[in-house]
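**Student:** This structure is in structure tokens; I'll ask about it shortly.
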């Protein structure tokens, strides 16, 4: 958190904290998102049933669960356990951190072209990573992810299918998410930078209108949460090697070496031609 001498307050990214009283000045963004289960999970990483079962989560002005000896809240969104355990665990975590840093550098600089995957992993290895909000203005910091999405055949097929099913009278205003039946968000397949960097998106929102020439002006919002889920068998083009790497990352994630965070990607597409061949 950043301290302001002018106000005497600490800025935690999502809200201001008053150290004199040990409270935030506004309510927890996760608490305010309880009416939107997808947004709640994006911010806190918790399902609403888990969130509501914890009385401390309902104290929306509290700092670090009212237990600053065990937790910190660096970004104003969610607390982080800072009890590191034994020195053996600390050393093991440090070795894992160095290993993933090396892996990240290799896939980015070694001619493999996984710049998005590398940048997202680097963010997960930083101290207390906050949510990422990616637009055309800052996408170069994340492997030009928006350009890659717009060139992706998976994205084009997804948009074409969505327009054919949900567009009405030259407009579309629809949100697709992975928790709804027949409402899946866009997925990226294969062993490419998008598929490896974005681990199955949470939701996709398409808003737009059709031009007189039949093309579309679209506003796109894609949300995801950076995390690794254990896989029981090889999947996709990466096969066994990709599964082993994923499961190794899952172990480091459980050990607190790789951190989770929300991802929001927002961009506009002008004169999108749904009839153009991919």
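Read-outs: derived from the displayed coordinates by stated rules, not from any lab. Because the structure is predicted, anything quoted here is derived from the model rather than measured. As a convention, Cβ positions derive from the backbone with ideal geometry for all residues, glycine included, and neighbour counts pool all protein chains shown.
**Student:** Given labels modelled 7 Å from the Cα in the Cβ direction, how far is it in nm from residue 275 to residue 23?
**Tutor:** For residue 275 paired with residue 23, the spin-label model returns 6.2 nm.
**Student:** While we're on this one: With a 10 Å radius around each residue's Cβ, average the other Cβ atoms per peptide and rank 153-163, 115-125, 256-266, highest first.
**Tutor:** In descending order of packing, they fall as 115-125, 256-266, 153-163.
**Student:** Then there is this: Simple spin-label model, 7 Å along Cα-to-Cβ: residue 105 to residue 187 in nm?
**Tutor:** 3.6
**Student:** Gain in length, residue 166 to residue 140, computed as 0.36 nm per residue apart minus the alpha-carbon separation, to one decimal in nm?
**Tutor:** 6.2 nm is the gain from fully extending residue 166 to residue 140.
**Student:** Under the classification rounded if a/c is under 1.5, otherwise prolate if a/b is larger than b/c and oblate if not, where does the stretch 87-272 fall, given a ≥ b ≥ c as square roots of the Cα gyration tensor eigenvalues?
**Tutor:** Prolate, because a/c is 1.5 or more and a/b exceeds b/c.
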